[in-house]
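To keep things clear, I will list the structure first and then write my remarks on it.
The values are calculated or read from the model by the stated rules, or taken from the named source; none is laboratory data. Keep in mind that this is a model prediction, so the values were computed, not measured. Glycine also receives a Cβ, built like all others from the backbone with ideal geometry; neighbour counts cover every protein chain displayed.
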């Protein structure tokens with residue numbers, strides 16, 4: 001089965017950034033990677049576009065994100081998680097996705113994300129991804145498509161956040177340098193005028209790596 005992605009974008013209320021970072025780095029990342037089937041996580045902060053923060057988890061398959069161990073974690077948040085989810089998180093966008101095989105052999109220092117709120121022409125986006133990785137300025141590229149989770153129960157964590165937005169698909173392109181990310185983002189914003197394009201710097205990553 002193809003790997004899955006949990007894709008998350010969010011903002012943080014003013015004055016809560018230090019608490020948000022402390023929670024993420026000291027508790028949340030390691031807790032999630034301790035759930036069976038979680039392989040890798042990477043955090044980012046926006047250079048342009050919104051929301052300000054973007055992180056994603058690679059899992060063995062999308063089924064991991066409906067597994068009993070994971071759902072039990074969502075429905076039994078720690079005291080620190082309860083505080084952060086209710087007091088820090090705003091503008092939450094969280095989607096369970098299928099992950100297509102990664103194009104390119106490397107992880108970049110910057111990521112351009114193209115979030116599609118309506119289903120895109122996947123043949124067009126796939127062809128573009130194949131084209132982009134021919135450029136040595138591009139470290140890697142992959143596509144995510146949303147898993148239909150209609151009817152799934154709302155977790156305790158999501159209730160604390162007040163509900164999450166969803167995407168239909170996302171194109172993620174890693175670049176080596178900031179200028180290359182800026183040039184690419186301008187191109188993609190023109191090419192996909194109905195999508196939301198952001199440029200993100202990598203903050204940290206942990207796990208078994210990006211290789212598909």
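Does residue 32 satisfy the criteria of being within 27 Å of residue 183 (Cβ to Cβ), modelled with pLDDT of 95 or more and surrounded by 14 or more Cβ atoms within 10 Å (Cβ to Cβ)? Criteria not met by residue 32. Annotation: of all residues in region 57-76 being in contact (Cβ under 8 Å) with a residue 60 or more places away in the chain and surrounded by 20 or more Cβ atoms within 10 Å (Cβ to Cβ), the one that is nearest to residue 208 (Cα to Cα) is 58.
Among the residues of region 95-112, those identified as under 19 Å from residue 188 (Cα atoms) and either in a strand (DSSP E or B) or under 14 Å from the mean Cα position of the chain (by Cα) (or both) are 103, 110, 111, 112. Would you check if residue 43 is buried (at least 16 other Cβ atoms within 10 Å of the Cβ), under 21 Å from residue 152 (Cα atoms), touching a residue at least 12 places away in the same chain (Cβ under 8 Å) and in contact with a helix residue (DSSP H, G or I) (Cβ under 9 Å, 6 or more places away or on another chain)? No: the conditions fail for residue 43. Checking the stated criteria, residue 85 turns out to be farther than 21 Å from residue 195 by Cα and either in contact (Cβ under 8 Å) with a residue 12 or more places away in the chain or crowded, with 19+ Cβ neighbours inside 10 Å (or both). The residues listed here are 92, 85; of these, the one that is under 23 Å from residue 64 (Cβ atoms) and not in a strand (DSSP E or B) is 85. The single residue among 142, 131 that is free of Cβ contacts under 8 Å to residues at least 24 places away in the same chain and either loosely packed, with under 14 Cβ neighbours inside 10 Å or in a strand (DSSP E or B) (or both) turns out to be 131. Of all the residues in region 92-120, those that are at pLDDT below 95, within 15 Å of residue 55 (Cβ to Cβ) and surrounded by 20 or more Cβ atoms within 10 Å (Cβ to Cβ) number 0. Scanning region 182-212 for residues that are part of a helix (DSSP H, G or I) and surrounded by 15 or more Cβ atoms within 10 Å (Cβ to Cβ) turns up 182, 184, 185, 188, 189.
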